1. For residue 24, enumerate residues with amide H under 5 Å from its amide H, sequence gap 5+ or separate chain, H modeled in the peptide plane.
2. Highest mean first, how do 65-72, 15-22 rank when packing is the count of other Cβ atoms within 10 Å averaged over residues?
3. Output the peptides 24-30, 47-53 sorted from most to least packed, where packing is the average of other Cβ atoms within 10 Å over each peptide's residues.
Amino acid sequence: MGSLDTVKLTNVDTGIDWTGCELVECVTGKVSGRPIVRGTRILADTIVQDAAIGSPLEEIHENYPDLSITAIQRLIAYEQSERGPRQTHRASAVL
């Protein structure tokens with residue numbers, strides 16, 4: 001596999017380009033090479049989708065205790081910055 005500089009960390013389901021997020025990586029053979037939270041098998045998109053459907057920050061943390069609340073907040077903030085103000089969703093209420 002090439003370096004992370006040459007791999008586009010975009011999830012085809014959500015269209016989020018995770019390339020600029022230092023918390024996210026793609027590892028060939030790990031979760032089918034999809035963007036995951038670095039050092040875990042947790043899909044980055046799962047975290048932001050949970051926030052988008054209104055899951056409280058504490059509930060997301062309870063479901064994914066390997067992630068700090070700060071990491072969860074940073075993932076949500078990054079996703080919102082990638083989507084822009086017109087596509088920001090309920091996740092902003094969590095921050």
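Read-outs: derived from the displayed coordinates by stated rules, not from any lab. The structure presented is a predicted model; accordingly, all values stated were derived computationally and were not measured. For neighbour counting, all protein chains shown are included, and Cβ atoms are generated from backbone atoms with ideal geometry for every residue, glycine included.
1. Those lying under 5 Å, H to H, from residue 24 are 38.
2. Numbers: 65-72: 13.9, 15-22: 15.9.
Ranking the peptides 65-72, 15-22 by packing returns 15-22, 65-72.
3. Values: 24-30: 15.4, 47-53: 20.6.
Highest mean packing first, the order is 47-53, 24-30.
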